[in-house]
Amino acid sequence: MLLQQAPVSQPQPDAKMHRIGVGIDTSRYGHYAAFLRDDLQPAAGELQFAESAVGYAQLRSRLEQIVSKLGTVHFAVRLDVAGQYADNLLHFLHSLQGQLANATFVISCGDPQRNKNYRAALFGSQKSDPVEARAAARYALSERPAPVKMLSAEQRTLRHVASRLQAVVRQRTRLINQFHLLLTSTFPELALLVKDIASGWVLTLCERYPTAKLLAAASAPDLRQITYLPEKLIDPLLEHARTAIASLEGDTVAELVRDQVSQLRDARARQLRLEKTLVDAYRQLDANHLDSIPGIGEVTAAILTAYIRDIDRFETPNQLVAYFGAMPIEASSGVDRDGKPRAAKRYVMSRRGNDLVRRYLWMAALSAVRHNPAVRALYARVVAKHPDHKAIAIGHAMRKLLHLAFAIWKTKKPFDKTHYPWDTPAHVAGLDARDEEKAAATPEQEQAAGLTLTAEPAQKEVTAACEASLPHDAEPGQHAFVDFAHVKAQLPIVRVLEYLNLTRKLHGAGAQKRCACPIHCPHSHGRTFSVNLDDNVFQCFSVRCQKKGDVIDLWAALHHQDLHQAALDLVRTFALEAAPTQPTEKRKG
């Protein structure tokens, strides 16, 4: 969407004003509008109008008729946005704010899924343009959604270019996969020798020698004429071509390969042109200095700017990380009857977020681990811990880049490599980078949490973070200090239930929900497990289980861990802070 939630609250109309809900169902060629009074009765006839100047004039005329009939009117407009079809309509409605006498507007947009759920709750299985518009009008009157503010023309242009670039990158990926499939029949051994079959010299090779038989007839001097073809690959290429197991050859197959090569080159050229256009659009905006971060070039900075839209949408850097999915999640193969994992626990990168951002952020991380002092230090620490899984360290580098982007954009100051002693962090001054993780994992002032024998969830009283608390970007060690209250404050229980795929099993209205207990009977259809989503507590009423507590108690019971291990596991899994960055006094959790 080309919209962002406005930080301001919705203005309240005077008591003398008439509130009119306007629901508009949008589509490519035209829209459908419904008008409801505050008592949810029709305020005017419904209107179907075209996406044109004539259609917009009809909408304005209908609004003017309502104002002339009722006097002072407050219009609560709700759009059911379908793709980008509401862009022009939004600008038209915003332009009416100062042009329509005796009328004020609050305009909001809803994502299609939320609007669909609301419509289904009111009208059941009915689905048509009038039903969608009436549901949107009722939502505007009853729920009073927050208004939206329009992006500037420059920001909208940037978004459109980024969207086109995303489409071209996806198309190029499809063409590469098709090229792989074609080569399995014409020269399958090529994929064994070359990792990137879309590189320039590979495409030139396949254009000149599209089948294994044609390549086998070539000589080493012929291959040396191909620019950038590595010398060490010439003999293996010829040897594999002469013994190839290819099942297709001939002029027709050769033409197919050349056509695929041509499409790949065209897609690459389009991608480069769009990247240049994207950078030009990025330079038209007020500087956010993302391109000053080593590793993040102008193209990546422009893509991040296009999809973040407004950094004020995010209150913490972890929210930005979660938005783009640059965080590890646990991958497992289910549990047995006793609730124990059937496979060893492992962590993979989340697949949430925009695929274009993740692609360019990954490449930015590869550059940042060599040239960005903040990322380089973190990368070295994680590689030292996981020497056989460097991809984990690249994932941490992506997360660190988003943290830096958050700070740079918020402060509106370029990156300063001297701002912090990245290689020797301040909290372990005097130690080298190799000792940092060890020092963070065994703080000298760590104290045990106090427990009270009450019916409340366990670990209510905790000791506050000490001065040697866990670094924000380091992965917590086994003995690292964890502030239980700080962890629970960051992690609502509903987020854990969503992670465990339990929300779809919950039943009940309001905050109190029930389902089968995931601890002792995850595959049954019972309802002994009760959770309060507002209070973030749970309890199982089965005599076999009787587990209860908060989010840490739930995680500990599910994974057969003690509370400290469970808290550490939650910090790693959901990319949380283990303790506040500033020391505090003892407090209640």
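The values are calculated or read from the model by the stated rules, or taken from the named source; none is laboratory data. This structure is a prediction, so every number in the text was calculated from the model and none was measured. Because the Cβ atoms are built from the backbone with ideal geometry, glycine has one as well, and the counts that use them run over all protein chains shown. Calculation scope for accessible area: heavy atoms of the full protein, side chains included, ligands and nucleic acids excluded. Shrake-Rupley method; radii C 1.70, N 1.55, O 1.52, S 1.80 Å.
Values computed for the structure shown
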{"read-out": "Complete set of residues in the stretch 524-543 that are open to solvent by 90 Å² or more (accessible area, probe 1.4 Å), without any contact (Cβ under 8 Å) to a residue 24 or more places away in the chain and out of contact with any strand residue (DSSP E or B) (no Cβ under 8 Å at 6 or more places or on another chain)", "value": "525, 534, 543"}
{"read-out": "Residue in the stretch 139-154 that is open to solvent by less than 30 Å² (accessible area, probe 1.4 Å), in contact (Cβ under 8 Å) with a residue 12 or more places away in the chain and in contact with a helix residue (DSSP H, G or I) (Cβ under 6 Å, 6 or more places away or on another chain) present", "value": "no"}
{"read-out": "Residue in the stretch 63-74 that is open to solvent by less than 50 Å² (accessible area, probe 1.4 Å), free of Cβ contacts under 8 Å to residues at least 40 places away in the same chain and of a type outside the set (Asp, Glu) present", "value": "yes"}
{"read-out": "Sole residue being charged (D, E, K, R), open to solvent by less than 70 Å² (accessible area, probe 1.4 Å), assigned to a helix (DSSP H, G or I) and within 26 Å of residue 320 (Cβ to Cβ), chosen from 553, 569", "value": "569"}
{"read-out": "Residue 68 of a type in the set (Ser, Thr, Tyr) and more than 36 Å from the chain's Cα centre (by Cα)", "value": "yes"}
{"read-out": "Elements of type helices (runs of 4 or more DSSP H) contained in the stretch 250-324, each with 3 or more residues being open to solvent by 60 Å² or more (accessible area, probe 1.4 Å)", "value": "251-283"}
{"read-out": "Flag for residue 575 being under 13 Å from residue 484 (Cβ atoms), open to solvent by less than 20 Å² (accessible area, probe 1.4 Å) and either assigned to a helix (DSSP H, G or I) or modelled with pLDDT under 85 (or both)", "value": "no"}
{"read-out": "Any hit, the stretch 224-245, residues being in contact (Cβ under 8 Å) with a residue 60 or more places away in the chain and assigned to a helix (DSSP H, G or I)", "value": "no"}
{"read-out": "Tally, over the stretch 97-117, of residues that are in contact with a helix residue (DSSP H, G or I) (Cβ under 6 Å, 6 or more places away or on another chain) and in a loop (DSSP other than H, G, I, E, B)", "value": "1"}
{"read-out": "Residues of the stretch 35-55 that turn out to be open to solvent by 30 Å² or more (accessible area, probe 1.4 Å) and either over 16 Å from residue 140 (Cβ atoms) or modelled with pLDDT of 95 or more (or both), as a count", "value": "7"}
{"read-out": "Filtered residues of the stretch 145-162 (kept if assigned to a helix (DSSP H, G or I), among the hydrophobic types (A, V, I, L, M, F, W, C) and closer than 28 Å to residue 22 by Cα)", "value": "153"}
{"read-out": "Meets criteria (of a type in the set (S, T, N, Q) and within 28 Å of the chain's Cα centre (by Cα)) for residue 117", "value": "yes"}
{"read-out": "Unmet criterion (only one of (1) open to solvent by less than 50 Å² (accessible area, probe 1.4 Å); (2) modelled with pLDDT under 80; (3) not in a loop (DSSP other than H, G, I, E, B)) for residue 457", "value": "(3)"}
{"read-out": "Residue count for the stretch 397-423, restricted to those that are within 24 Å of residue 305 (Cα to Cα), open to solvent by 30 Å² or more (accessible area, probe 1.4 Å) and of a type outside the set (Lys, Arg)", "value": "7"}
{"read-out": "Test for residue 227: is it under 43 Å from the mean Cα position of the chain (by Cα), at pLDDT below 95 and open to solvent by less than 10 Å² (accessible area, probe 1.4 Å)", "value": "no"}
{"read-out": "Residue selected from the stretch 209-224 under the condition among the small types (Gly, Ala, Ser) and more than 19 Å from residue 247 (Cα to Cα), by the criterion most open to solvent (accessible area, probe 1.4 Å)", "value": "219"}
{"read-out": "Search result, residues across the stretch 483-523 that are acidic (Asp, Glu) and either assigned to a helix (DSSP H, G or I) or surrounded by fewer than 16 Cβ atoms within 10 Å (Cβ to Cβ) (or both)", "value": "498"}
{"read-out": "In the stretch 86-127, the residues that are touching a strand residue (DSSP E or B) at 6+ places or on another chain (Cβ under 9 Å), open to solvent by less than 70 Å² (accessible area, probe 1.4 Å) and either free of Cβ contacts under 8 Å to residues at least 12 places away in the same chain or of a type in the set (Val, Ile, Thr) (or both)", "value": "104, 106, 107"}
{"read-out": "Number of the exception - residue 384 against (1) surrounded by fewer than 15 Cβ atoms within 10 Å (Cβ to Cβ); (2) modelled with pLDDT under 80; (3) aliphatic (A, V, I, L, M)", "value": "(2)"}
{"read-out": "Filter result (in contact (Cβ under 8 Å) with a residue 40 or more places away in the chain, surrounded by fewer than 17 Cβ atoms within 10 Å (Cβ to Cβ) and closer than 13 Å to residue 180 by Cβ) within the stretch 190-208", "value": "192"}
{"read-out": "Residue pairs meeting the criteria (Cβ under 6 Å; at least 6 apart or on separate chains; first touching a residue at least 24 places away in the same chain (Cβ under 8 Å) and among the β-branched types (Val, Ile, Thr), in the stretch 249-265; second assigned to a helix (DSSP H, G or I) and open to solvent by 40 Å² or more (accessible area, probe 1.4 Å))", "value": "261/207"}
